[in-house]
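To start, the structure itself, in structure tokens.
The values are calculated or read from the model by the stated rules, or taken from the named source; none is laboratory data. None of the values given here were measured: they were computed from a predicted structure. Neighbour counts are summed over all protein chains in view; Cβ atoms, including those assigned to glycine, are modelled from backbone coordinates with ideal geometry.
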């Protein structure tokens, strides 16, 4: 399979699906508030581009802020846990409970705590909760992933605890941290959107609000336009993180 | 003078029972001792006892070398993938508090001594198996150890590379003459490398034979085809076969 074909194949598939959608709408005369044709979605996308892009940026900014918060907390806690096995025993069950609790279930509480006037804070906090676990879990695993023979070598040369941490366990954890952050970034966007839905307020002006608002007004084409922007945002973020992870691994391993 | 000794040591592992012993071994300074035995006989356990990485369940371990004076080369090169070859070799010195620049300079020297002066800034992933093993050897030698423990260091290498490395290890040994323990399950390699071959019985390992190899070290060219070499290989093989049946 040559390179050009690989790039073209998904584009062609999307084009075909859109054509079929357009044709079906024309043939079945579906009302536009139930299913608008892609042409109407495109028109809405063009008309609302400035608002949608601003909302996409708001959603992305909240997700990235959440990622930063989650990254700091998760790595700090993983370090503490890495230094004390008993602390790990203590923290594990709580971390698991936090992970398996759906974010929508805790969202109303967090919205109350953050205050009705600050939905962004609630959204960042909830997205951070979702992004926390993959980073924490990756860091804990990574800190234990050093080659046991390298650990023995550090024993042999009488390495101190800080030396072992800084020169062996932390560097060995790097690939796990990269992977954890990649997964966490994707989850942070999902968390930010879900949290904004639950907050149900226009205060944060993210993409979820655009969808809610358009839905309330039966502007279905605009809902699709916001969804399309959200899809593209997610895909772009995923692509960027893949590249960053590959760079990170190359830097770490030298190839 | 004895560098390290095992005195009637026994090692029991929880759930697995006895892994080694009773086993006694005396390592005179400057001598190369090979430990041969079947898989699971406790060779590597004996090595870890000599390194001070493990304590025996019973018996005593005596060790003269202080901190940083024992070096171990494992079956795999065991290099840190995030460090350059030079930084990997400098690691033991840096852990002991040697200033970074001095440690790096001595690491470069050690890499030169093992025949790899050109790979200073290469990462382990860019090295072949044989080269990575040489880097590992350089890391072991950089501290100028009094006791050098080699745990099947050539097991993963092809025949040509392992023969070349065997000669290089012997050549390197002549400069500082540390006491060396060489663990292997390859009888010919044991006879080639060591002036004394200790044969272990099947696990839990005990002494199954103790064979002196009276020939100059490093070995003269063509040593592998001499009658003396063949004879020693047969003697060791015989002891090994007896030990496995016992």
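A few notes on this one:
- Candidates A:138, A:142 - the one that is within 14 Å of chain B (Cβ to nearest Cβ) and either farther than 24 Å from residue A:71 by Cβ or in a helix (DSSP H, G or I) (or both): A:142
- Here residue B:87 fits the description: assigned to a helix (DSSP H, G or I), within 14 Å of another protein chain (Cβ to nearest Cβ), farther than 27 Å from residue B:187 by Cα and free of Cβ contacts under 8 Å to residues at least 24 places away in the same chain.
- Failed item in (1) away from every other protein chain (no Cβ under 14 Å); (2) free of Cβ contacts under 8 Å to residues at least 40 places away in the same chain; (3) not in a helix (DSSP H, G or I), with residue B:115 passing the rest: (2)
- In this structure, residue B:59 does not qualify as within 21 Å of residue B:11 (Cα to Cα), out of contact with any helix residue (DSSP H, G or I) (no Cβ under 7 Å at 6 or more places or on another chain) and facing another protein chain (nearest Cβ under 8 Å).
- Test: residue in segment B:145-161 that is within 14 Å of chain A (Cβ to nearest Cβ) and in a helix (DSSP H, G or I): no
- The lone exception for residue B:136 - which of (1) at pLDDT 90 or above; (2) out of contact with any helix residue (DSSP H, G or I) (no Cβ under 7 Å at 6 or more places or on another chain); (3) not assigned by TED's automatic domain parsing to the domain that holds residue B:91 it fails: (3)
- Test: residue A:120 is more than 14 Å from every other protein chain (Cβ to nearest Cβ), surrounded by 14 or more Cβ atoms within 10 Å (Cβ to Cβ), touching a residue at least 40 places away in the same chain (Cβ under 8 Å) and part of a helix (DSSP H, G or I): yes
For (1) at pLDDT below 90; (2) out of contact with any helix residue (DSSP H, G or I) (no Cβ under 7 Å at 6 or more places or on another chain); (3) surrounded by 11 or more Cβ atoms within 10 Å (Cβ to Cβ); (4) in the same structural domain as residue A:215 (by TED's automatic domain parsing), each residue gets a yes or a no:
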{"position": "A:17", "(1), (2), (3), (4)": "no, yes, yes, no"}
{"position": "A:45", "(1), (2), (3), (4)": "no, no, yes, yes"}
{"position": "A:99", "(1), (2), (3), (4)": "yes, no, yes, yes"}
{"position": "A:112", "(1), (2), (3), (4)": "yes, yes, no, yes"}
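- Matching residues in segment B:190-224 - criterion: being at pLDDT 90 or above and in a helix (DSSP H, G or I): B:190, B:191, B:192, B:193
- The combined condition, being over 23 Å from residue A:127 (Cα atoms) and in a helix (DSSP H, G or I), is fulfilled by residue A:10.
- Any hit, segment A:156-177, residues being in a loop (DSSP other than H, G, I, E, B) and more than 14 Å from chain B (Cβ to nearest Cβ): no
- Residues in segment A:179-189 that are surrounded by fewer than 21 Cβ atoms within 10 Å (Cβ to Cβ) and under 28 Å from residue A:149 (Cβ atoms): A:179 only.
- Single match in A:192, A:235 (criterion: away from chain B (no Cβ under 11 Å), part of a helix (DSSP H, G or I) and surrounded by fewer than 16 Cβ atoms within 10 Å (Cβ to Cβ)): A:235
- Applying the set (1) surrounded by 17 or more Cβ atoms within 10 Å (Cβ to Cβ); (2) touching a residue at least 12 places away in the same chain (Cβ under 8 Å); (3) farther than 20 Å from residue B:172 by Cβ to residue B:8 leaves exactly one unmet item: (1).
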